[in-house]
Amino acid sequence: NSEYGASRFFYTFSLFGVDGKLLEQVSGEASSLPGKETLLSEVSTKTSSRDVDTVRLSLSDAEWAPASQFLEYVFSFPGEPRIEIDDAAKEMRVVGIVRNETTSRIAEARVFVALRDSFGFRVFVSGTILSNLRSFSNKEFTVLIPYDEDLARRVREGAPEVFFYPIL
């Protein structure tokens with residue numbers, strides 16, 4: 001919605017198995033700027049992705065505000081973020097640089113990375129938090145990815161897609 005944004009809302013991912021049984025719920029909190037999409041991601045610590053058949057998302061307690069109450073954040077990625085895979089050490093990460101193109105300091109921001117395979121399909125999402133991104137400055141980021149041989153094989157020739165969300 002270009003007229004309103006959510007300064008805060010809560011979300012829950014409900015994970016269901018093939019039999020329809022609820023396996024786990026994972027929750028988080030986010031914000032969404034007016035006219036922008038917001039990628040949501042949470043880590044399941046109990047349930048293997050192989051056991052999940054259906055995921056349902058529910059949103060609650062949104063705190064809506066008119067667009068005039070939000071600062072306009074402009075940022076860029078000087079250079080392409082890259083996937084680094086070290087099979088011997090069993091480590092994967094995405095590294096890159098984000099640039100704050102505004103006069104406003106960004107106290108805290110979420111950086112999400114969606115890994116795409118060689119066919120362009122999103123196959124994994126992870127993220128990190130950056131703090132204190134001063135105006136007109138660059139900041140490096142590293143998003144750690146749990147090592148998995150199959151995932152490493154699938155994304156080796158792919159590319160990361162990076163999303164940047166100031167925390168309001």
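The values are calculated or read from the model by the stated rules, or taken from the named source; none is laboratory data. As the structure is a prediction and not an experimental result, all values here were calculated from the model. Here the Cβ positions follow ideal geometry from the backbone for every residue, glycine too, while neighbour counts run over all protein chains shown. These accessible areas exclude ligands, DNA and RNA; they are computed on the full protein's heavy atoms, side chains included. Shrake-Rupley method; radii C 1.70, N 1.55, O 1.52, S 1.80 Å.
Remarks
One line per residue, one yes/no per condition, for (1) among the acidic types (Asp, Glu); (2) at negative phi; (3) assigned to a loop (DSSP other than H, G, I, E, B):
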{"site": "84", "(1), (2), (3)": "yes, yes, no"}
{"site": "89", "(1), (2), (3)": "no, yes, yes"}
{"site": "95", "(1), (2), (3)": "no, yes, no"}
{"site": "114", "(1), (2), (3)": "no, yes, no"}
{"site": "120", "(1), (2), (3)": "no, no, yes"}
{"site": "127", "(1), (2), (3)": "no, yes, no"}
{"site": "130", "(1), (2), (3)": "no, yes, no"}
{"site": "141", "(1), (2), (3)": "no, yes, no"}
{"site": "161", "(1), (2), (3)": "yes, yes, no"}
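- Residue 50 falls short of the stated requirement of being touching a residue at least 24 places away in the same chain (Cβ under 8 Å) and of a type outside the set (A, V, I, L, M, F, W, C).
- Contact map, the stretch 108-136: first residue more than 20 Å from residue 74 (Cα to Cα), second residue open to solvent by 80 Å² or more (accessible area, probe 1.4 Å), Cβ cut-off under 6 Å, separation 6 or more or different chains; pairs are 114/122; 116/122; 117/154; 118/157; 123/154.
- The set of residues from the stretch 130-150 being out of contact with any strand residue (DSSP E or B) (no Cβ under 6 Å at 6 or more places or on another chain) and either of a type in the set (Phe, Trp, Tyr) or within 26 Å of residue 89 (Cα to Cα) (or both) comprises 136, 146, 148, 149, 150.
- Contact annotation: residue pairs with Cβ atoms under 6 Å, 6 or more positions apart or on different chains, pairing a residue in the stretch 1-23 that is within 12 Å of residue 56 (Cβ to Cβ) with a partner that is open to solvent by 50 Å² or more (accessible area, probe 1.4 Å) and of a type in the set (Gly, Ala, Ser), are 12/27; 12/58.
- When residues in the stretch 3-58 are screened for being open to solvent by 80 Å² or more (accessible area, probe 1.4 Å), modelled with pLDDT under 90 and touching a Gly at 6+ places or on another chain (Cβ under 8 Å), 1 of them pass.
- If you check 94, 98, 155 for being β-branched (Val, Ile, Thr), within 23 Å of residue 32 (Cα to Cα) and open to solvent by less than 50 Å² (accessible area, probe 1.4 Å), only one passes: 98.
- Scope the stretch 143-159; condition in a strand (DSSP E or B) and in contact with a Phe, Trp or Tyr (Cβ under 9 Å, 6 or more places away or on another chain); matching residues: 143, 145
- Leading residue by the ranking (farthest from residue 137 (Cα to Cα)) among those in the stretch 101-112 that are assigned to a strand (DSSP E or B) and open to solvent by 30 Å² or more (accessible area, probe 1.4 Å): 110
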